[in-house]
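Structure record follows, encoded as structure tokens.
Where a number appears in this text, it was derived from the coordinates with a stated rule and is not lab data. This one's a predicted model, so the numbers in the text were calculated from it and none came from an experiment. Positions of Cβ are backbone-derived with ideal geometry, glycine not excepted, and every protein chain shown enters the neighbour counts.
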Amino acid sequence: MPNLTKKIIKTHLCEGNLNAQEPIAIKIDQTLTQDATGTMAYLQLEAMGVDQAKTELSVSYVDHNTLQSGFENADDHKYLQTVAEKHGILFSRPGNGICHQVHLERFAKPGKTLLGSDSHTPTAGGIGCLAIGAGGLDVACAMAGRPFHLRTPKVIGIELKNKLRQGVSSKDIILKILQLLSVKGGVGSVIEYFGDGVSSLSVPQRATITNMGAELGATSSLFPSDEKTRSFLKQQGRETDFIELKADEDATYDQVITIDLEELEPMIALPHSPDHVVTVKEVEGMKIDQVCIGSCTNSSYHDLVSVGNILKGKTVHQDVSLTISPGSRQIFKELSQNGTLTDMIMAGARILECTCGPCIGMGQSPISNAVSLRTFNRNFYGRSGTLSAKVCLVSPETAAYSALCGELRSPLGLSYEIPVEPAMIKTDDNMFIFPKAAQEAAMVEVVRGPNIRPLPINAPLADTIDKKVMIKVEDNITTDHIAPAGAKVLPYRSNIEKISTFVFMNNKADFHDCCIANGGGYIIAGENYGQGSSREHAALAPMYLGIKAVIAKSFARIHKANLINFGILPLTFTSAQDYDLIDEMDELLIEHVCDIYPGGKLTVYNKSKQKSFMVSYDLSDLDIKTLKAGGTLNLIRQEQ
Ligand code: MIC
Ligand code: SF4
């Protein structure tokens, strides 16, 4: 009876049992990091005193911070390369591609577990791998051979029926699901796909869907491993990694949703949330200023050849700037060899490196008040670098056709050649640096430029917290609000003191100064606080500024784990009305904090309003031990 998710979890279970929402721990086979989260992860690995990574495979990618307008990013890259060589970690050099795309092509395997310090790690679910995004510290712990702790997820089954029509793509499937479930609909769940529609989708098309499961707040997303998986692995010269995997015929799910692919039409997520989805038809004709194609969601061979075929022989509209970033060097090479690149260049596309690029605000910020159509996965406020821009998420087909027209157009039924995947690709791993033998690795000197700063460590939990509210924010606050990304901020990912000056900069410009003046305090938030990325800087920088607790209506999974890892209390309102009664700068007193126990509650006394209210906390025994120690690194040190 088990579904596929439960089968893979069972084969990796180290602690607990599979009762709904119970704490469990699983063995991690592979890890991945990228440069923007990797520097912290490796500083943490070093702090744990681990010589060699203990996983089957750990890969360090450089794909985010590739604009080098100062020494900082280049310093980070050198640190990452040398620390990888020292610790038995495979290094993917800058230019080799976006971590999720490259990992799917070269390393992800059906039936394995993968933990990555990036929220889109579940991309590898497209190949039948149980892949989970986490904070860098959790990934460092996995590299150190520790199991990964989570709650037994619910499993939402999505049945796909029939086939997509011409012009409709797998991006439209996941946008439809986001419309149905919302950005918090997947919290605490794995999304598992089944049904006759699955066999019509290739592994990269499946990966577009599992990638954006992150936008549902899901722990992971998973497809079965079938003949399509075998052909993809064969194409990559690694058919021996294939195993067949599927749910039992009579598998049960906590919830089932059915989607008829034949009825689906092109969809669009409007500003500023990936679940603000309508059909393209509903807003067709909207004038556009920019189109960006690429990102870990939509930069596969199929995506980009479709784009090339739509652009072929035409010219991008004069009022539109079109950028294209291939997902990997392998795809880039294929495009250059089969002539697609020429079609793109001749149509006027601006070809960028194989990196995240505009998706993370690393250049290509749109013109003021622009409408920017992007094939990416996130359109959070401010993420593009232009606060007044209206960023919309669409499929590569919608993006390419609209770029030619200068306005949003539905590609439904558009005539263009559907790409045929090459049966075999001449793979080339020369931009990887493979691990050395342990003895040789021990001799490597780790290079630390001035941008590599020591890790700040929290103090053990205080029994009384008497502090002021530093900021009060609404529902669905993203980690892009808390710790913004973009070309100006990302170079400081390995410098917490500096990055803390940018915290909440678009919500409350003086947040940093207010925290310094008051010795830190509380953050008050609505539902789904900390959704989006896995960046632990959204916990680490507030910790550095003295934030002791976040009181929210609810939390996103990865961010809550990051708060605990750095010793910040995640507390939940027991009554939503209590949220309304708090104002910024109110003074809140919490006593007997060190008495917390699983299932318990704390009383918060609002001294400014002279009113008390209760808060709860959903914490396991391990979470509580971690918080009391002042974070995971302190706890590990105590145990050593
Ligand atoms: C993102 O898409 O927001 C990122 C940048 O890839 C993040 C990681 C980070 O902040 O470095 C993510 O998704 O986890
Ligand atoms: Fe990179 Fe964007 Fe994917 Fe994040 S979502 S990994 S920034 S391409």
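Taking 31 Å as the cut-off for C-alpha to C-alpha distance, list the pairs among Lys154/Lys228; Lys112/Lys553; Lys281/Lys488; Lys176/Lys628; Lys27/Lys467 that go past it.
Where the Cα-Cα span goes over 31 Å, the pairs concerned are Lys112/Lys553; Lys281/Lys488; Lys176/Lys628; Lys27/Lys467.
Give the angle, between 0 and 90 degrees and rounded to the nearest 10, that separates the Cα long axis of helix 396-405 from the longest principal axis of the Cα atoms of the chain.
So the helix axis and the longest Cα principal axis differ by about 70 degrees.
Would you please put 259-266, 175-182, 126-133, 369-376 in order of how densely packed they are, using the mean number of other Cβ atoms within 10 angstrom per residue and starting with the highest?
Packing order, densest peptide first, comes out as 126-133, 369-376, 175-182, 259-266.
What residues have an amide H closer than 5 Å to that of Gly294, excluding those fewer than 5 places away on the same chain, when H is modeled at 1.01 Å from N in the peptide plane?
Placed amide hydrogens put Ser325, Thr375 under 5 Å from Gly294.
When ranked by the protection proxy of mean other Cβ atoms within 10 Å per residue, highest first, what sequence do the peptides 392-404, 20-32, 228-240 form?
Averaged packing, sorted descending, gives the order 392-404, 20-32, 228-240.
Rounded to the nearest 10 degrees, what's the angle between the helix 35-47 long axis and the longest principal axis of the chain, both from Cα atoms, 0 to 90?
Helix 35-47 sits roughly 40 degrees off the main axis of the chain.
What is the sum of charges, Lys and Arg at +1 and Asp and Glu at -1, for the other residues whose Cβ falls under 14 Å from the Cβ of His77?
Result for the neighbourhood of His77: -3.
Return the calculated 222 nm mean residue ellipticity for the chain, to the nearest 500 deg cm²/dmol, obtained by summing -39500 (n - 2.57) across DSSP H runs with n ≥ 4 and dividing by the residue count.
Value at 222 nm, helices only: -8000 deg cm²/dmol.
Determine the distance separating the Cα centre of the range 600-614 from the Cα centre of the range 484-505; give it in Å without decimals.
With the range 600-614 and the range 484-505 each reduced to a Cα centre, they are spaced 33 Å.
Can you give me the Cα centroid spacing of the range 438-465 and the range 552-595 in angstrom?
28
Put +1 on the Cβ of each Lys and Arg and -1 on the Cβ of each Asp and Glu in the range 183-292; which of Ser220, Gln290, Gln235 then has its Cα farthest toward the positive end of the dipole?
My answer, from the dipole projection, is Gln290.
Relative to the present Cα-Cα distance, how much length would full extension add between Glu282 and Lys234 at 0.36 nm per residue of separation?
Going from the current span to full extension adds 13.2 nm.
Once the convex hull of the alpha carbons of the chain is built, what does its volume come to per residue, in cubic angstrom? All intermediate terms of the calculation are to be shown ahead of the outcome.
Numbers: hull volume 88.5 nm³, N = 640.
Cα convex hull per residue, to the nearest whole number: 138 Å³.
Under 5 Å between amide hydrogens, which residues at least 5 positions from Val371 or on another chain qualify, with H placed 1.01 Å from N in the peptide plane?
Result for Val371 returns Asp289, Gln290, Lys390.
What is the chain's relative contact order, in percent, from Cα pairs under 8 angstrom and six or more apart in sequence?
In percent, rounded to a whole number, it is 15.
Which of the peptides 592-599, 550-557, 273-280 is most tightly packed, and how do the rest follow, going by the mean number of other Cβ atoms within 10 Å of each residue? It would help to have the intermediate numbers written out before the result.
Numbers: 592-599: 12.6, 550-557: 23.5, 273-280: 20.1.
Ranking, from highest mean packing down: 550-557, 273-280, 592-599.
Output the relative contact order of the range 502-640, whole-number percent, from Cα pairs under 8 angstrom with separation of 6+ residues.
With pairs under 8 Å counted, the relative contact order is 20 percent.
Taking only C-alpha pairs under 8 Å that are 6+ residues apart, what is the relative contact order of the range 83-199 in percent?
Once divided by the residue count of the range 83-199, the mean separation gives 19 percent.
Quick check: Cα centre of the range 378-418 to Cα centre of the range 145-169, how many Å?
24
Treat each spin label as a single point 7 Å out from the Cα along the C-beta direction, and report the Glu56 to Ile257 distance in nm.
Output for this residue pair reads 3.1 nm.
To the nearest 10 degrees, how steeply does helix 170-181 sit against the main Cα axis of the chain, on a 0 to 90 scale?
40
Can you list the HN-Hα couplings for the range 305-318, worked out from phi with the Karplus curve (6.51, -1.76, 1.60; θ = phi - 60°), rounded to whole Hz and with x for Gly and Pro?
Working through the residues one at a time gives 6, 4, 4, x, 5, 6, 6, 3, x, 10, 10, 4, 3, 4 Hz.
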